[in-house]
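Visitor: Input: one structure, supplied below.
The values are calculated or read from the model by the stated rules, or taken from the named source; none is laboratory data. Only a predicted model underlies this, so the values are computations on that prediction, with no experimental measurement involved. Note: ideal-geometry Cβ built from the backbone for every residue, glycine included; neighbour counts use all protein chains shown.
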Amino acid sequence: MQPIVAPYGETWSVLRGTRDRVGDKTPAVVATLERCVHWQNIPAEPGGAYPATARDSATLTSTLAVPKGQFAVKPADQLLREVTGVVYQVLGPAQWDSVHPMTGWDPGYVIYTLKAVI
């Protein structure tokens, strides 16, 4: 079975930085990720209904699929979406970073959950 292929995707920059004496972070681009696929996660209640309380919330997460073999993104990193200029915080370690345990299929991507930094 062939891995997933997204030949066009988007370009993202990985931001890391040091903190100054008051704790402010000075991010710098340390790597560029090519051919990434990004989609917004929509909050849904059981049955697929959009929750009535979502309009009161400003926090929505999104998902980023990065081709395997690129720069290793860490949970503390921030990612810059080059198309929009929006910065996202990585919310945890990579998912899908191994082959399927039953079939041995390798999707060819690792998945990260993100939250916009506004």
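Visitor: Can you name the residue in segment 71-81 that is among the hydrophobic types (A, V, I, L, M, F, W, C) and in contact with a Leu (Cβ under 9 Å, 6 or more places away or on another chain) and, of all such residues, is surrounded by the fewest Cβ atoms within 10 Å (Cβ to Cβ)?
Guide: 71
Visitor: If residue 84 satisfies every condition in (1) among the hydroxyl-bearing types (Ser, Thr, Tyr); (2) over 21 Å from residue 5 (Cα atoms); (3) surrounded by 15 or more Cβ atoms within 10 Å (Cβ to Cβ) but one, which is the exception?
Guide: Every condition holds for residue 84 apart from (3).
Visitor: Could you list, in sequence order, all residues of segment 25-45 that are at pLDDT below 85 and charged (D, E, K, R)?
Guide: Within segment 25-45, 25, 45 qualify.
Visitor: Oh, and also: Any idea how many residues of segment 95-107 are modelled with pLDDT of 90 or more and closer than 13 Å to residue 65 by Cα?
Guide: Here the count works out to 1.
Visitor: Another question about this same structure. Starting from residues that are in a loop (DSSP other than H, G, I, E, B) and under 16 Å from the mean Cα position of the chain (by Cα), keep the ones in segment 1-34 and report whichever is surrounded by the most Cβ atoms within 10 Å (Cβ to Cβ).
Guide: 9
Visitor: With the checklist (1) among the hydrophobic types (A, V, I, L, M, F, W, C); (2) exposed (fewer than 12 other Cβ atoms within 10 Å of the Cβ); (3) touching a Phe, Trp or Tyr at 6+ places or on another chain (Cβ under 9 Å) in hand, flag the one item residue 96 doesn't pass.
Guide: (2)
Visitor: Which of the residues that make up segment 67-118 are touching an Asp or Glu at 6+ places or on another chain (Cβ under 9 Å) and among the aliphatic types (A, V, I, L, M)?
Guide: 83, 90, 99, 110, 111
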